[in-house]
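J.: I have a structure I would like to understand better, so I am pasting it below and will then ask my questions one at a time.
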Amino acid sequence: GSLVPPKVKLTDSFKRKKPALLVIYTDDSSDSKQYAIVVSQLQEFYGREADFMPISIDSLPPQPSPKLTEPGHYYEGFVPQTVILDQSGKIVFNEKGQIPVEKGDDDFRKVFDLLPRDNSVALKRRVVNELNVELSK
């Protein structure tokens, strides 16, 4: 996996009332590079419903921004840092360092009001030509 600049801005997510995952990273951090795999796994399942925004610390201003619509507002001086914002822009998760994919999944399940992982089938992608028998009944 790799972290690439976001296609949308945080202001766009707020306007569309779409959840966002901010990952603040640096290119020369081995922790950030390893963490890219977790971000890719989360994006595989939630990427259509949430905006994923990898933010390089090089693109942040030296001083934290007072504006909630600026990624620099959330930066706490450590990489990688993961922030999940719900549809209203409220912080539901903010943690420094690498997190397991299950933790991000748990928080996205809360944001989207999905069953907890222990009460539901594990998320997995459908095989391309798989017939979904449940929907055809």
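J.: When the Karplus curve 6.51 cos²θ - 1.76 cosθ + 1.60 is applied with θ = phi - 60°, which whole-Hz ³J(HN,Hα) does each residue of region 3-18 get, with x for Gly and Pro?
T.: 9, 10, x, x, 7, 10, 9, 4, 4, 5, 4, 4, 5, 8, 6, 10
J.: If Lys and Arg each add +1 and Asp and Glu each add -1, what is the summed charge of the other residues whose beta carbon sits under 13 Å from the beta carbon of F108? Let's see the in-between values first.
T.: Values: positive: K18, R48, K103, R109, K110, R117; negative: E44, E49, D51, D86, E102, D105, D106, D107, D113.
Overall, the nearby charge balance is -3.
J.: If you don't mind, there's one more thing I want to ask. Shape call for region 32-93 from the C-alpha gyration tensor, a ≥ b ≥ c root eigenvalues: rounded (a/c under 1.5), prolate (a/b greater than b/c) or oblate?
T.: Oblate, because a/c is 1.5 or more while a/b does not exceed b/c.
J.: To the nearest 10 degrees, how steep is helix 101-111 against the longest Cα principal axis of the chain, on a 0 to 90 scale?
T.: 80 degrees
J.: What trypsin sites (Lys or Arg not before Pro) in region 1-95 are in a loop by DSSP, with at most 13 other Cβ atoms within 10 Å of the Cβ?
T.: Qualifying residues, ordered by number: K7, K17, R48, K67, K90.
J.: Do any chymotrypsin sites (Phe, Trp or Tyr not before Pro) in region 62-122 lie in a loop, going by DSSP, with at most 14 other beta-carbon atoms within 10 Å of their beta carbon, and if so which?
T.: F78, F112
J.: Another one. Can you list the lysines whose alpha carbon is less than 19 Å from that of K33, not counting same-chain residues fewer than 8 positions off?
T.: Partners found: K96, K103.
J.: While we're on this one: Relative to the longest principal Cα axis of the chain, at what angle does helix 30-46 sit, 0 to 90 degrees, rounded to 10?
T.: The angle comes out at about 40 degrees.
J.: For S56, what residues show an amide H to amide H distance below 5 Å, using hydrogens built from the backbone and excluding near sequence neighbours?
T.: Amide H neighbours of S56: Y25.
J.: If you take every residue apart from R117 with its C-beta less than 9 Å away from the C-beta of R117, what net charge results, scoring Lys and Arg +1 and Asp and Glu -1?
T.: -3
J.: I've got another one for you. Only loop residues by DSSP count here, and only those with at most 14 other Cβ atoms within 10 Å; note down the GluC sites (Glu not before Pro) in region 30-120 that meet that.
T.: E49, E76
J.: On to the next question. In terms of modelled amide H atoms, which long-range or inter-chain residues lie less than 5 Å from the amide H of F93?
T.: The answer is I84.
J.: Could you list log10 I(q)/I(0) for the chain at q = 0.10, 0.12, 0.20 Å⁻¹, which the Debye formula gives when each Cα is one point scatterer?
T.: -0.35, -0.49, -1.22
Values quoted throughout were computed directly from the atomic coordinates according to the rules given, and no laboratory measurement underlies them. Please read all numbers here as calculations on a predicted model, not as lab measurements. Cβ coordinates were reconstructed from backbone atoms using ideal geometry, including for glycine residues, and neighbour counts include every protein chain displayed.
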